[in-house]
Amino acid sequence: MTNPFQLTRAADLDDDQINQLWVDPGNKLSEMLRPSSPLPMIILGGRGSGKTHLVRYHSYALQRRVHGKEHLLARVRDCKYLGIVFRCTGLHASRFSKKRVPEAQWHDLFGLHLELTLGQLLLNTAIDFIDDVGARATFSEEILVESLRGLFDKPLGPEVRDLNGFRAFIQTQQRNLDHQIGMASFRRSIEPPVTVRHGQLIFGIPQKLCEHVPCLKGIMFTLFIDEYEHFFADLQKHVNTLIRERENPVTFKIGARPHGMHTYQTWGGNEELKQGSDYELMNLDALLREAKTEYKVFALELCLKRIRFSANGWPAGWNEVNAEERLRQSFEPSKTPEELVAEKLKQRGGGTAPWLEKLEDYLIKDLGNLVKLGIKSKDDVTTIINHLRCNDPLIEKTSSFIFYHAWRDRKKNLLEAAIEIANSAIEYAASKDPNTDHAKKLGHFRDDMRDQMLLDLNLDRQAGANGILSRYVGIDAWITMSDGIIRNLISTLKGVYGWALFNGEDIYAANGISLAAQIRGVEEASVWFVKDASVLESDRGKVDAGMRRVAELLRQVRFSRKPTECSLCRFSVDLNTLEPATKKIIQAAEMWSLLIRDQDRRSRNGGKDVALFRVNPLVSPSFYLPVSARGNIDLSAEECTAIFDTVEEGKFKQIERDWVNRYNPPFSRVTGKRIGRKKATGDTTKEDDELLLF
């Protein structure tokens, strides 16, 4: 057997694989791409979001494979475009800078090189189409070539008599230019071997073709320029100018990662491209994340196509009707947290559960400060613990959680609070009454309470398939964790299937892929995702450290005794208060989808809008964070600087201690640094105000 998910990058797939693995339920992506529309488009999407697969599928090279030569003419007339893909590369961009040539000259050389490159691609595609549909006899090639020759400012030689000769001439000019560019390190100047104005070939070749070739009349030449982020700002400025000055029948679809548009400026007085008039925007990440139901259908169909393609047909016992069910059944299911907790408590041989043991220890250690709250002796502590005991571990854990709230609020006698909590527990256990404190807390914190129980019982990473990591297994969990970036799902499945095959497991049988293989695959994908982010070397260390720190801080708050927010994997900050260096690191993490920016919200005191970021769900298994976000913590500018823009671990550790002290007994007053938050940001939450009272 082979791993169906071995190849993760669209760039590694050949045209046949792109075609066979293409998924677009309801043709929605194609409709949104609008390849025949003359209005240019900028397609933004994170690494692995499917941009390359999308544009390659809509290229002429793929369409001729999909429809076959006998149907091409009707297909192109129907869709009204020819798609041409040009992939930007870092190697390509790096040739046009520094060395011994002045910067201004590099700009002109890049423009000339791009003119020859795209001109060839446009011409090659048109010739392929003309030959594929047998249209050579429908026009005068001599008249067409004579018209094309006029695109150059200098007369062409007599050898350029037909389309193939014209194509060969451009290829020769580009090879000569490539040679001179390669020699630029050893010369002070370059003399381009050909004279052609910017846009003459890119717009002129399609115009002449549509004018003289009947089957191309009314057809749009759509240039898909992919991986645009590899072009630095000055190179993008030139392409942006082509977009701004676009002439029919040519249009552009630009694919870039978030923040991959280094500039929107053009050479025309440095004016910027305007959304709506110069281009339309497709935010692929946002589209896939927001359309959760459609994305799940898309992801499942993609998985099934991969399996069918790899197995050269459906595996034994699979078919069109049952494939989705068989896929789910192939993964060994994990036990519920309640089952894992019950087994561990049974192994302990009874006695007090660890969450009540910890509460008892906290109370005894702080006994001298609890007299005003009604606790005068160890016997009172024992009475409280007995009130909170319950045969149902989840209800008992929730009782301790509610008690911590009462302790921190310091508004009532804790013995009386324990009795009220016990009555709520009894009522909830009997009727699941939604009005009880337990129902309200579990409505928000159920998953947090479950995960806290698992860690309290030491069912962490070392427990493997019998611990908290089993919360991150199964196809539905992995689709959620991929969060709209399909490569993250494929990479997770690559690891899972890889370990299953290594272990000799039958990957297509019911329960054939063990929990152990699933967990190993998820762990590998989580580590790979952070390491694979191609953050600039100068920022790499700070981004890595910042992601570790912010995830660790969220973990500490989530597993505190009294978290105030449920399902914590987000933080908010007023970006306007950050130093440029700190903001740069956060934006770098966002650019590579390590952080995902959710919709901005108003700060909790009703003040300014603050930016809301969440840790990518694929990072969650490394820190036991949830894969779906609900709550968040507010960070000050000072805290963000300590997390993202300092090499000193001590500053972060102090901030971490402040947060831990806020949400763990004895709920002591935090240090001056945290209290100084109001002065730094002008935003003090209710929680901060309460802390200042005692």
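Readers should treat all values here as calculations from the given coordinates under stated rules, not as data from a laboratory. No experiment lies behind these values; they were computed from the predicted model shown. Note: ideal-geometry Cβ built from the backbone for every residue, glycine included; neighbour counts use all protein chains shown.
So how far apart, in nm, are the two label points at residue 372 and residue 628 if each is 7 Å from Cα heading toward Cβ?
That separation, rounded to one decimal, is 4.2 nm.
Please report how many Lys pairs in segment 37-290 have alpha carbons closer than 14 angstrom, counting only residues at least 8 apart along the chain or sitting on separate chains.
Eligible lysine pairs with Cα atoms under 14 Å apart amount to 4.
Run the reach check for residue 542 against lysines, Cα to Cα strictly under 19 Å, same-chain hits fewer than 8 apart removed. What comes back?
Answer for residue 542, where 19 Å is the Cα cut-off: 531, 583, 584, 651, 653, listed by chain and number.
Could you please report the charge total around residue 218, scoring K, R as +1 and D, E as -1 over all other residues with beta-carbon less than 9 angstrom from its beta-carbon?
For residues surrounding residue 218, the net value is +3.
By average Cβ neighbour count within 10 Å, what is the ranking of 481-492, 628-639 from highest down?
Result, highest mean first: 481-492, 628-639.
Please arrange 142, 552 by how many other C-beta atoms lie within 10 Å of their C-beta, fewest to most.
With the fewest neighbours first, 142, 552 line up as 142, 552.
Taking the Cα atoms of segment 337-459, report the difference between the largest and smallest coordinate on each principal axis, in whole Å and largest first.
The Cα atoms of segment 337-459 stretch 40, 33, 21 Å along the principal axes, largest first.
I'd like the orientation of helix 537-558 relative to the chain: the angle between its Cα long axis and the longest Cα principal axis, in ° from 0 to 90, rounded to 10.
The two axes meet at around 30 degrees.
To make sure I understand, if each residue's beta carbon is the centre and we count other beta carbons within 10 Å, what order do 44, 151 fall in, fewest to most?
Going from least to most buried by this count: 151, 44.
Hey, what number do you get for the chain at 222 nm if only DSSP H runs of n ≥ 4 count, each worth -39500 (n - 2.57), divided across all residues, to the nearest 500?
Per the formula, -16500 deg cm²/dmol.
Cα axis of helix 200-212 to longest principal axis of the chain: angle in degrees, 0 to 90, nearest 10?
Once rounded, the angle reads 60 degrees.
Where the centroid of each part is defined by its Cα atoms, how far is segment 632-666 from segment 224-259 in Å?
When both Cα centres are located, 41 Å separates them.
Among the lysines, which have Cα under 17 Å from the Cα of residue 296 when same-chain residues fewer than 8 positions away are ignored?
Partners found: 28, 305.
I need 648, 396 ordered by Cβ neighbour count within 10 Å, fewest first.
648, 396
For helix 580-591, what angle does its Cα long axis make with the longest principal axis of the chain, in degrees from 0 to 90 and rounded to 10?
Helix 580-591 sits at roughly 80 degrees to that axis.
Take the Cα coordinates of segment 1-80, assign each an equal point scatterer, and use the Debye formula without solvent to give log10 I(q)/I(0) at q = 0.12, 0.14, 0.16 Å⁻¹.
The Cα Debye sum returns log10 ratios of -0.40, -0.54, -0.70.
Would you mind estimating how fast segment 37-290 diffuses translationally, via Stokes-Einstein at 37 °C and 0.692 mPa s with the Kirkwood radius over Cα pairs, in µm²/s?
The estimated diffusion coefficient comes to 171 µm²/s.
Restricted to Cα positions, what overall size does segment 409-538 have along the principal axes? Three whole-Å values, descending.
Extents along the principal axes, in whole Å: 57, 47, 28.
Which order do the peptides 420-431, 224-235 come out in when sorted by mean C-beta neighbours inside 10 angstrom, highest first?
Going by the mean number of other Cβ atoms within 10 Å, highest first, we get 224-235, 420-431.
For the chain, what value does the Rg/Rh ratio take when both radii are computed over Cα atoms and Rh is the Kirkwood radius, given to two decimals?
With Rg and the Kirkwood Rh in hand, the quotient comes to 1.07.
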